[in-house]
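Since the structure comes first, as structure tokens, the remarks are kept for the end.
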Amino acid sequence: MKQLKEKIITEGKVISDTVLKIDSFLNHQLDPFFLKEIGDEFARRFRDQGVTKILTVEASGIAVGLMTGIALNVPVLFAKKKQATTLDQHYFSSTIYSFTKKESVEIFVSKAYLGPEDKVLIIDDFLARGEALRGMLDIVLQANAALVGVGIVVEKAFQHGGEKLRAEGIRIESLARIASLKDGKVEFLD
Ligand code: 5GP
């Protein structure tokens, strides 16, 4: 997505060789008009797949997940990172290692909102090593739901999460794929 690449170049901040900050429109301040474009693009790519539900994870996946849900006219479910104490046996859960926070977190999704009747499109802001994605895939599997595919705003291809998951047959659509963040410079794959 050309406009996304341009925004990454002009507004993104390379924090290190592995971390990119996009706080101006995606990860802190939200640009609703641009995020709408992103949601429309994911919807265009997955429109004919019979998606019944968007699954994402709090917090940064929610905005882009919501925009995709509006475009596809389906509910948006976000995995929570804190367990609701009253409902523990009613939740699917999985453990993910957070690349940016360097800690393991458990994610939870209520059994009330995901089941075998669902065709799920997973949406997230970044794909790095694929940990967050594996956690959400695990939950889709536990729910006996069907996975339609995955929509990612920014894939850091040099961290190989996407490569591994694609090799397992998962359809991943990334709107921008980064080959390198070396020397403070963003280089795209294609
Ligand atoms: P993974 O689980 O694929 O290793 O990392 C993906 C998750 O970590 C995303 O949900 C995202 O929130 C966070 N993340 C990974 N790399 C970056 C990055 O370079 N910048 C930002 N802002 N978040 C990242």
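Being hydrophobic (A, V, I, L, M, F, W, C), in contact (Cβ under 8 Å) with a residue 60 or more places away in the chain and within 25 Å of I15 (Cβ to Cβ) is a property that does not hold for L189.
Which ones in the range 103-127 are of a type in the set (A, V, I, L, M) and either more than 12 Å from the ligand (Cβ to nearest atom) or touching a His at 6+ places or on another chain (Cβ under 9 Å) (or both)?
Within the range 103-127, V109, A112, L114, V120, L121 qualify.
Taken over the range 27-60, residues that are more than 16 Å from L4 (Cβ to Cβ) and either in contact (Cβ under 8 Å) with a residue 24 or more places away in the chain or more than 15 Å from the ligand (Cβ to nearest atom) (or both) amount to 12.
Filtered by the rule that a residue be buried (at least 16 other Cβ atoms within 10 Å of the Cβ) and either under 18 Å from F46 (Cα atoms) or without any contact (Cβ under 8 Å) to a residue 60 or more places away in the chain (or both), the range 159-171 gives G161, G162, L165, I170. Being within 10 Å of the ligand (Cβ to nearest atom) and surrounded by fewer than 17 Cβ atoms within 10 Å (Cβ to Cβ) is a description that applies to T100.
Just to check your reading of the model, which residue among E131, E187 is more than 11 Å from the ligand (Cβ to nearest atom), surrounded by fewer than 20 Cβ atoms within 10 Å (Cβ to Cβ) and of a type outside the set (K, R)? None of the other options fit; the residue is E187.
No value in this document is a laboratory result; all are computed from the given coordinates. Because the structure is predicted, anything quoted here is derived from the model rather than measured. In this analysis, Cβ positions are derived from the backbone assuming ideal geometry, glycine residues included, and neighbour counts consider all displayed protein chains.
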